[in-house]
Amino acid sequence: MVSHHHARLRQSDRAAAWASLFVGGMILLMLLLLGRVAQLKVLGEARYGRIISAPLATRTHLARRGDLRDARNRTIATSRLGYRLFVDPTAVQDPQTIAVDIAAAIGGVPTEIDLKILNRASPRYAVIEHLLEDWQADVIRASRLRGVGLEPRLVRHRPHGALAASVVGTVGRDHTGLSGSEHVFESRLAHRDGRLTVLRDARRRPLRIDAQDTHAARNGRDVQLTIDLVVQQFVQERLREAVHRYNAAGGRAIVLRCRTGEILAMADVLNPRPRGEDVYSDPVRKVDPALGRNRCATDPYEPGSTFKPIVWAAATDLGKAEPQEILPTPAGQYHRTSRGRRIRDTHLYGPVSWRTVLVRSINSGMAIVAERMSHDQMRESVSRFGFGQKTRAGLASESAGLMTSARDWTHYTQTSLAMGHEIAVTPLQMVRAFAAFARDGTLPTLRLTARDTPADAAAEYRFRQRACSESTARLVREVLREAMLKGTGRHARSQHYEMFGKSGTAQLPRPDGGGYFQDRYVSSFIAGAPYQRPLIVVLCVIDDPQRSRGHWGARVAGPVVRDIVDRTLHYLGVQSR
Amino acid sequence: MSAKLLAVIVVMGAAALTLLLIRQLRIEASACSARLYQRLIENEHTEWKLRSEIAARSRADELRRAMAKLGGSWAPIPFEAAGGDQP
């Protein structure tokens, strides 16, 4: 009994000793660990300093600028990621050979690369290429050259190249709009980059995101334009062909959907000629076509006879002449106005009806009726058609055109305006005014962007501007159809669609204000189609065609309008006759 | 007595290990989340690139070439069927 008790006592002593030993060992271990931590923190070994002191990595989270899309949602301009190649000369392994290594990887000349490194603006940042091709970026990544880096940046891509360049515009290096729609719609397209801060472990692997120092990126909003790229393409091609055929200084063309006011196409071509004395120029287009001004909105021109329907409608609406009224238009050389001004006609018809005056584009007939209107009546009528005001279609630097002020308005102005002179209009103003004849006498609200909501359409309907009565609009359309059959417009007649239109041939004004060139012209043609239920209005202006090749509006610009009408209506699925 | 002491140490050790394990799991979840966020950004950039390529390949002239290859005759959708003159 006693020995058993002693055995048990010895056993428990051993256990206690072991337990004490274990506890003591644990305490010693913890003390050692604490000591090591203290050593690392207080004394700080250099080789651990880099890992402990810089665990955070911050970078920009790039956002995407909004897309520009066309009427059918095709992409006109979109942003994608590109890479800028840079070198940090202080981190390069072998400065003597880095240029050769880079040139071997991506192509290029080593001496040029060396120069870029030498002429760098910052000691640790030398840009070698602002934008690499995708394969070049892949090669650089794979090469793992020390001191060579790829900096992501946004690149604006225009899949259709220079199509509608002046309408679309371009962005600068900082990806903000510089011109055209990119600039006008900057507030909608603009993006906001975010910021991403990540805590990394010793092997630079991401551990966690620092929520306090991280902001989400915000992409820009897409903008849908009313331009249809297919229509734009053949308008641009046809216009360019006409400009080169007639060796003109340039040309402009617009296709307008007259009921909705949507601009389907807007083309502007310049053709610098070696003979000099060109009155049209836009040198910045040599840098980038998208930086050029949009001459359909910015450059007014004298419309010539294409303006006659405007005055004809105004006079008819005011009851100054009836369509069947016979006017004393001359059979001789010229007509003399009440103030002694001589008005000449291209062809002499003798006395004709007011209707025939428009069909045959008779200057003297227009002057006779214009004298029946007061100066205020003429001026107000022209203003009602939107001239002297911007169309506010959403284009940068739009011009309001030029109209003689009320104070300077004379009898000469009155009779000149009747023939489309002494007034300068933009192509946008012209199509909008002509569209009144394709509608119910009201002007459409021109727009370059798709409507946001049906409420926009309702608001536009309520605030329509009336240019002339509905009956007069219908009458003008009828007379202009006759002009296409019997008048100057017959050269532009379409076999597929019935059109109503008017040609114009105006002398080119001298840029110094000293009158007109005697043998240089602006040839234009404007038409609507189909006649029964007009859908589009098309205007073509050919600036300063070479006289020896042709200068009459009906022959130079008329066929362009006809071809554009044919192709556009076919594309839109309108049945031909 | 020693057994109880041992038991306490074991339990405390187990608790500490569990806490360390939970901490490690949390760190791994954060790391996974951070990696996923970066992958999202990379996928976004890939999407931009694909959008740009699709836009380039769906140009009118490219489509005409594709239509020519397919053969047959093509006609536009009639105007009224396409929505007429609705904006």
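Quick look at the values:
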{"item": "Principal axis dimensions, chain A - Cα atoms, whole angstrom, descending", "result": "155, 65, 49"}
{"item": "Under 29 Å, Cα to Cα: Lys pairs in chain A, sequence gap 8 or more or different chains", "result": "11"}
{"item": "For chain B, with +1 on Lys and Arg beta carbons and -1 on Asp and Glu, the positive-most of B:37, B:73, B:25 along the dipole", "result": "B:25"}
{"item": "Size of the stretch A:21-161 as Cα extents on the principal axes (Å, biggest first)", "result": "83, 48, 26"}
{"item": "Rg over Rh [alpha-carbon atoms, Kirkwood Rh] for the stretch A:143-291", "result": "1.17"}
{"item": "Estimated distance in nm for a label pair at residue A:104 and residue B:10, the labels positioned 7 Å out from Cα along Cα-to-Cβ", "result": "6.5"}
{"item": "In Å, descending, principal axis extents of the Cα set of the stretch A:119-168", "result": "43, 27, 15"}
{"item": "Total accessible surface hidden between B and A, rounded to 100 Å², 1.4 Å probe", "result": "3100"}
{"item": "Charge-dipole axis of the protein assembly as shown as Lys and Arg at +1 and Asp and Glu at -1 on Cβ define it, positive-most pick from A:297, A:261, A:540", "result": "A:261"}
{"item": "Total formal charge among the other residues, if their Cβ is under 11 angstrom from that of residue A:491, Lys/Arg +1 and Asp/Glu -1", "result": "+4"}
{"item": "The stretch A:450-573: C-alpha pair distances exceeding 25 Å, %", "result": "40"}
{"item": "Per-q log10 I(q)/I(0), the stretch A:327-477, q = 0.13, 0.16, 0.19 Å⁻¹ (Debye; single scatterer per alpha-carbon; no solvent)", "result": "-0.69, -0.96, -1.22"}
{"item": "Share of alpha-carbon pairs per 10 Å distance bin for the stretch A:367-431, given as whole %", "result": "21, 53, 22, 5"}
{"item": "Largest to smallest accessible area among A:241, A:186 [probe 1.4 Å]", "result": "A:241, A:186"}
{"item": "Degrees between helix B:2-57 axis and first principal axis of chain B (Cα, 0 to 90, nearest 10)", "result": "10"}
{"item": "222 nm mean residue ellipticity, helices alone, for chain A (DSSP H n ≥ 4; -39,500 (n - 2.57); rounded to 500)", "result": "-10500 deg cm²/dmol"}
{"item": "With DNA, RNA and ligands ignored, accessible area of residue A:116 (1.4 Å probe; Å², nearest 10)", "result": "80"}
{"item": "Potential extension, residue A:57-residue A:142 segment - 0.36 nm per residue separation minus Cα distance", "result": "28.4 nm"}
{"item": "Gain on full stretching of the segment that runs from residue A:495 to residue A:3 - 0.36 nm per residue minus C-alpha separation", "result": "164.0 nm"}
{"item": "Which of A:570, A:496 is most accessible, then next, and so on - probe 1.4 Å", "result": "A:570, A:496"}
{"item": "Förster radius 22 Å - calculated FRET efficiency between residue A:380 and residue A:440 (Cβ-Cβ, nearest 0.05)", "result": "0.65"}
{"item": "Degrees, to the nearest 10: B:60-70 long Cα axis against longest axis of chain B", "result": "80"}
{"item": "DSSP-defined antiparallel bridges as percent of all bridges, the protein assembly as shown, nearest 5", "result": "95"}
{"item": "Gain on full stretching of the segment that runs from residue A:532 to residue A:216 - 0.36 nm per residue minus C-alpha separation", "result": "108.2 nm"}
{"item": "Average other protein chain Cβ within 10 Å of Cβ, residues A:72-78", "result": "3"}
{"item": "Distance (nanometres) between label positions extended 7 Å along Cα→Cβ at residue B:25 and residue A:121", "result": "5.3"}
{"item": "Separation of the residue A:389 and residue A:205 label points, Cα + 7 Å toward Cβ, nm", "result": "6.9"}
{"item": "Helical segments meeting 27 Å axial Cα length and Kyte-Doolittle 0.5 threshold in chain A (DSSP H)", "result": "A:2-38"}
{"item": "Label zone at residue B:79, where the point sits 7 Å out along the Cα-to-Cβ direction: the stretch A:536-553 residues whose backbone N lies under 13 Å", "result": "A:536-538"}
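The values are calculated or read from the model by the stated rules, or taken from the named source; none is laboratory data. Please read all numbers here as calculations on a predicted model, not as lab measurements. Cβ coordinates were reconstructed from backbone atoms using ideal geometry, including for glycine residues, and neighbour counts include every protein chain displayed. Note: accessible area is taken over every heavy atom of the protein model, side chains too, but ligands, DNA and RNA are not part of it. Shrake-Rupley method; radii C 1.70, N 1.55, O 1.52, S 1.80 Å.
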